[in-house]
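Below is one structure, written out as structure tokens, with a few remarks after it.
FYI, it's all coordinate maths here, none of it is from the lab. From a predicted model like this one, the values you see are computed outputs, not experimental measurements. Positions of Cβ are generated from backbone atoms using ideal geometry, with glycine treated the same way; all protein chains shown enter the neighbour counts.
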Amino acid sequence: MNWVRNPAPTYCIANPIGSWVGSTWSEQPTSFTLVPTESRSVAGYEGVQLTFYFVYSDDGTEANANLYAGRYSFYDDNVSFDDLFAKLSSVYGEPSQNAEDIMEVWGDNFSEEVYQNFCNDYPDAAFHIATWKSSTNGAVVVLSEYNIWNSDRPTVELFYLYPPLAAASSLLKTTSPTAPPACKHEFALPRLPCEGGVFWRPVRLK
């Protein structure tokens with residue numbers, strides 16, 4: 001478990017240059033993350049590292065915290081953005097966005113100046129981002145492929161996000177809004193307990 005003292009809104013978690021956007025430090029933890037010690041097999045790929053992001057509920061305890069984001073980091077050398085894109089599209093339909101311009105996807109969350117400063121430092125950076133947005137509850141699925149450091153293999157990550165539950169974190173509070181009734185999300189997060197003992201149920205990608 002890692003206690004987070006700087007707000008971790010979902011747009012920073014899923015944005016490949018989120019760490020360049022900047023954040024505010026809090027004296028009290030605003031949220032926390034859990035990282036399983038063993039990697040997993042996901043969508044036919046081995047060596048997938050999971051990270052789960054939690055924000056505190058009304059009682060401020062870890063036991064009743066709410067899961068608001070999940071990150072799947074693919075370290076399999078054979079991972080394919082196009083393959084994952086096809087599998088996600090077969091489950092969720094056509095994406096809301098499918099772009100290689102990071103400003104097209106995340107531009108509302110940081111300024112053009114920040115982006116230009118990043119581009120000056122990393123002129124060869126390349127991105128491919130697809131998003132699927134729920135029409136009912138604000139949940140978002142993000143598939144991201146990026147190469148910032150001109151490495152031999154791009155980084156591929158998949159995110160399941162529920163931005164409304166990140167509000168407390170972004171406002172530097174130690175409690176969060178009550179989770180939606182029964183945690184019924186169109187885009188389910190990994191199977192972990194949330195409020196009322198109800199579980200988030202993942203979609204299995206074969």
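Structure notes:
- Simple label model, 7 Å out from Cα along Cβ direction - Asp152 to Leu34, nm: 3.6 nm
- Estimated distance in nm for a label pair at Ser96 and Ala125, the labels positioned 7 Å out from Cα along Cα-to-Cβ: 2.2 nm
- Whole-Hz couplings from phi, Karplus 6.51/-1.76/1.60, listed for region 129-134; x for Gly and Pro: 10, 10, 10, 10, 10, 5
- Under the simplified labelling scheme, the Asn137-Trp3 pair shows an inter-label distance of 3.0 nm, with each label point 7 Å from Cα along Cα→Cβ.
- Gyration tensor (alpha-carbon) shape descriptor, region 1-130, a/c threshold 1.5: oblate
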